[in-house]
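Student: Below is a structure I'd like to ask you about.
The values are calculated or read from the model by the stated rules, or taken from the named source; none is laboratory data. The structure presented is a predicted model; accordingly, all values stated were derived computationally and were not measured. Cβ coordinates were reconstructed from backbone atoms using ideal geometry, including for glycine residues, and neighbour counts include every protein chain displayed.
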Amino acid sequence: MEKYEHKYGADQIQVLEGLEAVRKRPGMYIGSTSVRGLHHLVYEIVDNCVDEALAGYCTEINIQIEPGNIICVEDNGRGIPVDIHAKTKISAAETVYTVLHAGGKFGGDSGYKVSGGLHGVGASVVNALSNWTEVTIQRDGGIYEMKFEKGKTVQSLTRIGDSDKTGTKVRFLADDTIFETTEYDYETLETRFREIAFLTKGLKITIEDLRGETPQKNEFHFEGGLISFVEYLNKNKEKIHKDPIYIEKNVNEVPVEISFQYTTAYSENIYSFVNNINTIEGGTHLEGFKRALTKTFNDYARNHNLLKDKDQNLVGEDIREGITAVISVKVKEPQFEGQTKTKLGNSEVTGVVQSAVNEALAEFLEENPGVAKTILEKCISAYRAREAARKARELVRRKSALESTTLPGKLADCSSKNPAECEVYIVEGDSAGGSAKQGRDRRFQAILPLWGKMLNVEKARADKIYGNDKLNPVILAVGAGIGSDFDISKIRYGKVIIMADADVDGAHIRTLLLTFFFRYMRPLIENGNVYLAQPPLYKLSKKGMQDVYCYTDEDLEKAYKDLAEKGIEREQLGLQRYKGLGEMNPEQLWETTMDPANRILIKVTMEDAIKADQIFTILMGDDIEPRREFIEKNAKYVKNLDV
């Protein structure tokens, strides 16, 4: 890694403001005090180590979850500066941990050229929100140590020995009076650190979980960087060219790194990052990539007679069909916008990425005519399918216009026309649909029964979807179109609720519907409009007692205990195990699954689009082996498997 020659001492640590506010309003600094905010603490410390790697000084980061949910993060970077800070009159290291916005990341002449992390609040916020923090630094020939409790210094920086090594080690215990839970999820951390290792080629990241009886350990080290990332994303997909295409350029002091590869799939999967932050909502770097891709492929197709004079230019969605791409840019002062502050707003980055891709891709296509032709043949067939889909769509529209209503015949609509309060239940099967229609609140609840096997959109193009008699009612009911035509402002229902049986068939229907929404109505998930209903699994009844519904096995055990305390023994109770929604009468279905006062709804989020994409590919794709492995690995989590 290239080293950025910067003086990195106390002078580069700038102080902006004090720490007290963090404990009062933690959500302002780490987003939330939920499990998500808890994991954010670890990311903040690791981001500091990654900055050392980006500057060319750190090659290894080790993360451990110790028993009791203590986190230990150690790197072999330069070590935090230990000299006295001119403004605070305490060591630079202590300043970094006790003063908000003190760090080597602010201002042009800082210790870092670019830095990762979303907030740059880093170490001091982690310290403020921890029961205790211990920091050990090896630097300048010595070993130094300092300790804190709830953000307050209990041991100032003290030299405790000699060392010829460099690096920083941080141990902390999150404050259980602030966080809803202090239990870390190994898989969440593992996914994030794998991502960081892909984005920082050559950096070795080790994560270990020492809490259970059998420790878990993963080591991530990818010399291929983004090429390795794309290969990982495509591991269960059929590729149409062997090696991912790779672009690495530095334009106007903005390093741009991109890798992409085409598969036989019909969807596009593009992941964009700025300073290692996943920009879920895209932004100017993604815009630049898309523009360059469209222009360069069209130019090549024209110059090499793959598109004739009479042919129209290919549009972006034709060229991106089946692409898996990762875009990573490093920007000195990124501006983030959008609902979750994960959309890059720096306008100059569009041109930077565009020129990098235009030049490098044009060169690659000229040097690899075989690959160029294979990709363009796929793009041209996508264009033909899009034309067929357009005709099918127009046919659907014309047909709808001729009919008295544009809504599907089986839909029992609600009387309210205000999408904010309306909800539609997509119900599996006619009998459950009948119960739901009778049990619902007609004012704001609509019911759309589905029957028979649904189309697997993972293996179908848009033109097949328009004519499909199972999906068409869903498209018409939601009312906002599909694919690139989808317009979230036109949705007819604020909540789209999938209500299926708690068995294998129900799980299959849920997955098929979610795959459809994920691929063709993604804004619906991004916007938080898709929910899964949770029907009860059991009913406990006894004459003269109100029925008790249980949604999980744990609920059932708890209900037995609670009733025993009231003097009602297990033997006196009737137990009904619901095999399907159709077994419930309208009143029961309303009371347990549809009444907003009692029901349990699970909101489907885009929290981890990469993981969702891989699961959909595994479950719905052609490859049987990964599907078998996935089912075997996850069978233990499936509690209600009726075989």
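Student: Among the residues in the range 17-25, are any outside any helix (DSSP H, G or I), in the same structural domain as residue 164 (by TED's automatic domain parsing), crowded, with 18+ Cβ neighbours inside 10 Å and modelled with pLDDT of 85 or more? Lay out the reasoning, then the answer.
Tutor: First pass over the range 17-25, keeping only residues outside any helix (DSSP H, G or I): 17-19, 25.
Cutting the leftovers down to in the same structural domain as residue 164 (by TED's automatic domain parsing) gives us 17-19, 25.
Next, from what is left, pick out any that are crowded, with 18+ Cβ neighbours inside 10 Å: 19.
Okay, now just the ones that are also modelled with pLDDT of 85 or more, so none.
No, every residue in the range 17-25 fails to be outside any helix (DSSP H, G or I), in the same structural domain as residue 164 (by TED's automatic domain parsing), crowded, with 18+ Cβ neighbours inside 10 Å and modelled with pLDDT of 85 or more.
Student: Could you give me the residue pairs with C-beta distances under 6 Å whose first residue belongs to the range 407-431 and is in the same structural domain as residue 530 (by TED's automatic domain parsing), whose second residue is surrounded by fewer than 19 Cβ atoms within 10 Å (Cβ to Cβ) and of a type in the set (S, T, N, Q) wherever it lies, and which are 6+ apart or on separate chains?
Tutor: Here the result reads 422/416, each pair linking the range 407-431 to a residue that is surrounded by fewer than 19 Cβ atoms within 10 Å (Cβ to Cβ) and of a type in the set (S, T, N, Q).
Student: Determine which single condition residue 8 fails, assuming it passes every other condition in (1) assigned to a helix (DSSP H, G or I); (2) buried (at least 20 other Cβ atoms within 10 Å of the Cβ); (3) at pLDDT below 75.
Tutor: (1)
Student: Next up: Somewhere in the range 494-514, is a residue touching a helix residue (DSSP H, G or I) at 6+ places or on another chain (Cβ under 8 Å) and over 25 Å from residue 414 (Cα atoms)?
Tutor: Looking for residues that are touching a helix residue (DSSP H, G or I) at 6+ places or on another chain (Cβ under 8 Å) and over 25 Å from residue 414 (Cα atoms), one finds at least one in the range 494-514, hence yes.
Student: Among the residues of the range 66-96, what is the count of those that are over 29 Å from the mean Cα position of the chain (by Cα) and either buried (at least 21 other Cβ atoms within 10 Å of the Cβ) or in contact (Cβ under 8 Å) with a residue 40 or more places away in the chain (or both)? Even if it seems obvious, please write down each step before you answer.
Tutor: The first filter runs over the range 66-96 and keeps only residues over 29 Å from the mean Cα position of the chain (by Cα), leaving 76-96.
Cutting the leftovers down to either buried (at least 21 other Cβ atoms within 10 Å of the Cβ) or in contact (Cβ under 8 Å) with a residue 40 or more places away in the chain (or both) gives us 76-88, 90-96.
Number of matching residues: 20.
Student: Please verify whether residue 247 is touching a Pro at 6+ places or on another chain (Cβ under 9 Å) and not assigned by TED's automatic domain parsing to the domain that holds residue 618, treating the condition exactly as stated.
Tutor: No; evaluated as a whole, the condition is false for this residue.
Student: Scan the range 57-65 and give yes if some residue there is surrounded by fewer than 19 Cβ atoms within 10 Å (Cβ to Cβ), in the same structural domain as residue 143 (by TED's automatic domain parsing), under 29 Å from residue 180 (Cβ atoms) and modelled with pLDDT of 90 or more, otherwise no.
Tutor: Yes, the range 57-65 has at least one match.
Student: Also, I was wondering about something else. Say we look at the range 571-587 and pick out the residues that are modelled with pLDDT of 90 or more and either in the same structural domain as residue 421 (by TED's automatic domain parsing) or assigned to a helix (DSSP H, G or I) (or both); which of these is surrounded by the most Cβ atoms within 10 Å (Cβ to Cβ)?
Tutor: In this case the residue turns out to be 586.
Student: Would you pick out the residues in the range 528-549 that are more than 11 Å from residue 604 (Cβ to Cβ) and surrounded by fewer than 19 Cβ atoms within 10 Å (Cβ to Cβ)?
Tutor: If the condition is that a residue be more than 11 Å from residue 604 (Cβ to Cβ) and surrounded by fewer than 19 Cβ atoms within 10 Å (Cβ to Cβ), then 534, 538, 541, 542, 543, 544, 545, 546, 547 are the ones that fit.
Student: Check whether at least one residue in the range 549-567 is assigned to a strand (DSSP E or B), without any contact (Cβ under 8 Å) to a residue 24 or more places away in the chain and more than 30 Å from residue 483 (Cβ to Cβ), and report yes or no. Explain how you work it out, then say what you get.
Tutor: Residues of the range 549-567 that are assigned to a strand (DSSP E or B), as a first pass: 549-550.
If we keep only those that are without any contact (Cβ under 8 Å) to a residue 24 or more places away in the chain too, we end up with 550.
This time we only want the ones that are more than 30 Å from residue 483 (Cβ to Cβ), so: 550.
Yes; the residues of the range 549-567 include at least one that is assigned to a strand (DSSP E or B), without any contact (Cβ under 8 Å) to a residue 24 or more places away in the chain and more than 30 Å from residue 483 (Cβ to Cβ).
Student: Look through the range 66-89, keep the residues that are more than 22 Å from residue 184 (Cα to Cα) and polar (S, T, N, Q), and return whichever of them is modelled with the highest pLDDT.
Tutor: Restricting to residues being more than 22 Å from residue 184 (Cα to Cα) and polar (S, T, N, Q), the top hit is 76.
Student: Same structure again: For the range 435-449, check the following and say yes or no: at least one residue is under 30 Å from residue 338 (Cβ atoms) and free of Cβ contacts under 8 Å to residues at least 40 places away in the same chain.
Tutor: yes
Student: Cβ-Cβ distance below 7 Å, separation of 6 or more or different chains: which pairs start in the range 48-64 with a residue that is more than 15 Å from residue 221 (Cα to Cα) and end on one that is part of a helix (DSSP H, G or I)?
Tutor: 48/122; 48/123
Student: List every residue pair whose Cβ atoms sit under 8 Å apart, with the two residues 6 or more apart in sequence or on different chains, where the first one lies in the range 573-592 and is over 12 Å from residue 438 (Cα atoms) and the second, anywhere, is at pLDDT 90 or above and among the β-branched types (Val, Ile, Thr).
Tutor: Filtered contacts from the range 573-592: 581/427; 581/593.
Student: A follow-up question, please. Would you check which residues across the range 45-94 are within 15 Å of residue 136 (Cα to Cα) and assigned to a loop (DSSP other than H, G, I, E, B) and list them?
Tutor: The answer is 76, 77, 78, 79, 80, 81, 82, 83.
Student: Filter the strands (runs of 3 or more DSSP E) completely within the range 148-224 down to those with at least 2 residues that are polar (S, T, N, Q).
Tutor: Passing ranges, in order: 152-162, 216-221.
Student: Could you check the range 128-181 and list, in sequence order, the residues that are β-branched (Val, Ile, Thr) and either surrounded by 22 or more Cβ atoms within 10 Å (Cβ to Cβ) or not assigned by TED's automatic domain parsing to the domain that holds residue 31 (or both)?
Tutor: Selection gives 133, 135, 137, 168, 170.
Student: Okay, moving on. Looking only at the range 528-554, count how many residues are at pLDDT 90 or above, closer than 20 Å to residue 422 by Cα and polar (S, T, N, Q).
Tutor: Adding up the residues that qualify gives 1.
Student: Here are 200, 263: which of them is surrounded by 19 or more Cβ atoms within 10 Å (Cβ to Cβ) and in contact with a Leu (Cβ under 8 Å, 6 or more places away or on another chain)?
Tutor: Residue meeting the stated conditions: 200.
Student: Right, here's the next one. Consider residue 372 carefully, then state whether it is of a type in the set (A, V, I, L, M), crowded, with 16+ Cβ neighbours inside 10 Å, part of a helix (DSSP H, G or I) and modelled with pLDDT under 95.
Tutor: Working: of a type in the set (A, V, I, L, M): yes; crowded, with 16+ Cβ neighbours inside 10 Å: yes; part of a helix (DSSP H, G or I): yes; modelled with pLDDT under 95: no.
Against the criterion (of a type in the set (A, V, I, L, M), crowded, with 16+ Cβ neighbours inside 10 Å, part of a helix (DSSP H, G or I) and modelled with pLDDT under 95), residue 372 does not qualify.
Student: Filter the range 551-568 down to the residues that are more than 22 Å from residue 507 (Cα to Cα), surrounded by 11 or more Cβ atoms within 10 Å (Cβ to Cβ) and not aromatic (Phe, Trp, Tyr) and list them by number.
Tutor: Across the range 551-568, the qualifying residues are 557, 558, 559, 562, 563, 564, 568.
Student: Based on what the data block shows, is residue 355 within 24 Å of residue 197 (Cα to Cα), surrounded by 15 or more Cβ atoms within 10 Å (Cβ to Cβ), of a type in the set (Ser, Thr, Tyr) and in contact with a helix residue (DSSP H, G or I) (Cβ under 9 Å, 6 or more places away or on another chain)?
Tutor: Considered against the rule, which asks whether it is within 24 Å of residue 197 (Cα to Cα), surrounded by 15 or more Cβ atoms within 10 Å (Cβ to Cβ), of a type in the set (Ser, Thr, Tyr) and in contact with a helix residue (DSSP H, G or I) (Cβ under 9 Å, 6 or more places away or on another chain), residue 355 comes out as no.
Student: Cβ-Cβ below 6 Å, separation at least six or inter-chain, first residue in the range 229-248 and surrounded by fewer than 16 Cβ atoms within 10 Å (Cβ to Cβ) and part of a helix (DSSP H, G or I), second at pLDDT below 95 and charged (D, E, K, R): which pairs?
Tutor: none
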